[in-house]
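Peer 1: One structure is given below, represented as structure tokens, and several questions about it will come after.
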Amino acid sequence: MSATIYRFELRGRLRSALIWSGAVIAVIFTYLAFYPPLADEAALMNRAMANFPPQFLQAFGMQHMDWGSIMGFYSFVFLFVQVLLAVQAAGYGFGLVSVDETTFTADFLLTRPVARPRILSGKLLAALTALTITNAAAWAGSLAALNLFQAGRGYDAHAVLLLLGSIVIFQLFFLSAGLFLSLVVRVRSVPPYATGLALGLYALGALSGILGDVKLGWISPFAHFEPNRIIETGAYDLPLAMISITVIVLALAGSFWRYQRRDIPAVA
């Protein structure tokens, strides 16, 4: 790893990481602030939700959700947090190499006496550090909001820790997938690709539940780490979690292989 590249990349991503962290905390606090008044009308809310189509509830992770339980409400909120984390991590992955190519700075970088694996390692570690800042914000925001808005009902600390512990694998999935895809296709603009990957896999996870097609769930990390299921069972679905880990390993290995053989566009 090149320490110089790591510091340069981290400085470039620090502001972005802080903005994403603020967004994650804002979503957690904004939604959980609605819990105390809703909890007082839990029976009414549960009856109202029972009238919704099961497919709708499944799509938003609200099946079997108890509005009187802060853990049920938190599982709903955490789904939105996952979407934010997915877009951020995918954006970092897609932009890791493609930004240098679209700005025509890659040819300058690659003429330095630094091997390509060291360059990519420095960039990856900087992106992972930035994602860790957002991860820490999700932990701090979740624990603070749960304690502030639990309305005296308490929450399952073990289930919360399981959900928050899944973030790092979730982020790595989208980071590594975005990086590998950016080395397979030419990425001109990062946001459409990042948003498309995150929302596309979210849609697949939702369709898996709606259609009852387990195979669709194999593709999406949203199905691998479904908040409602983790809270209900108090454990990860290990076979699905291993699929995420396998994708991460294969995508990273494939990215290093592709990067060493990639033709880099130069300034004419």
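Peer 1: Give me Y259, Y74 ranked fewest to most by other Cβ atoms within 10 Å of their Cβ, as a rough exposure proxy. Please list the in-between numbers first.
Peer 2: Working: Y259 21, Y74 27.
Going from least to most buried by this count: Y259, Y74.
Peer 1: What is the distance in Å between the Cα centres of the stretch 68-99 and the stretch 186-252?
Peer 2: 11 Å
Peer 1: What's the extension gain from F29 to T132 if we count 0.36 nm per residue and subtract their Cα-Cα distance? Present the calculation step by step, with values, prior to reporting the outcome.
Peer 2: Working: separation 103, 0.36 × 103 = 37.08 nm, distance 1.97 nm.
Length gained between F29 and T132: 35.1 nm.
Peer 1: Also, I was wondering about something else. Between V185 and L18, how many nm apart are label points set 7 Å from Cα along the C-beta direction?
Peer 2: In this crude spin-label approximation the distance works out to 3.4 nm.
Peer 1: When V99, V77, V27 are ordered from fewest to most other Cβ atoms inside 10 Å of their Cβ, what list results? Walk me through the intermediate numbers first.
Peer 2: Details: V99 16, V77 23, V27 19.
In order of increasing Cβ crowding within 10 Å: V99, V27, V77.
Peer 1: Neighbouring Cβ atoms within 10 Å as the yardstick, rank V160, V185 fewest first. Walk me through the intermediate numbers first.
Peer 2: Working: V160 20, V185 10.
Placing the least packed residue first, the sequence is V185, V160.
Readers should treat all values here as calculations from the given coordinates under stated rules, not as data from a laboratory. All values reported here derive from a predicted model rather than from experimental measurement. Ideal geometry is used to build each Cβ from the backbone, glycine not excepted, and the neighbour counts take in all protein chains shown.
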